[in-house]
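Heads up, the thing below is written out as structure tokens.
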Amino acid sequence: RSGSGQEIAGRRRVAARRRRWRRRQPDLAAVVEPGASFTLAPGQTAAVKGTDIQITFNKVREDSRCPVDVTCIWAGDAKIEIVISRSGADDVRILSITPPNNEAAVGNLRIRFVSLAPVPRQADANVPRKYLAEFIVDQI
């Protein structure tokens, strides 16, 4: 491809705008019905049908749950970071797997963090985990 310096610079600006636009677009994994459970991996987003609300599972902030192959005194906890987007505004929330801190309300919806897989195992302590978080969105 040949062209003047202005043409090349113009193509580079267009390409840069496209890259920025793609980074802002969520990885829409599902459109979910209120009342149904759904699962997201980190970085994935679910849109709630009939609303302008999107839920993004950002990351696992903490996973101190007791491994299933160990006897523990305390069950531990898992905390995740989600982003609730509504009408272009983002609200970051931290949800715990332990009630009552496993819920967030937005508008007439309640988002409940139900489970986090995989469950920890002592034998896999040094293996990176590919997390999946399960949620249920209910109307309130």
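Each reported figure results from applying straightforward, stated rules to the coordinates on display, with no laboratory input. Predicted model, so just to flag it, every value in this text is computed and none were measured. Here the Cβ is made from the backbone with ideal geometry for all residues, glycine too, and neighbour counts use every protein chain on show.
A few notes on this one:
- If the condition is being among the hydrophobic types (A, V, I, L, M, F, W, C) and crowded, with 17+ Cβ neighbours inside 10 Å, then region 95-140 contributes Leu95, Ile97, Ala104, Val106, Leu109, Ile111, Phe113, Leu116, Ala133, Phe135, Val137.
- Residues that are among the polar types (S, T, N, Q) and either surrounded by 15 or more Cβ atoms within 10 Å (Cβ to Cβ) or farther than 18 Å from Ser115 by Cα (or both) within region 53-90 comprise Gln54, Thr56, Asn58, Thr71, Ser85, Ser87, listed in sequence order.
- Inclusion of Arg121 among residues that are more than 22 Å from Phe38 (Cα to Cα) and over 18 Å from the mean Cα position of the chain (by Cα) is warranted.
- Flag if Ala47 is out of contact with any Phe, Trp or Tyr (no Cβ under 6 Å at 6 or more places or on another chain), surrounded by fewer than 16 Cβ atoms within 10 Å (Cβ to Cβ) and not β-branched (Val, Ile, Thr): no
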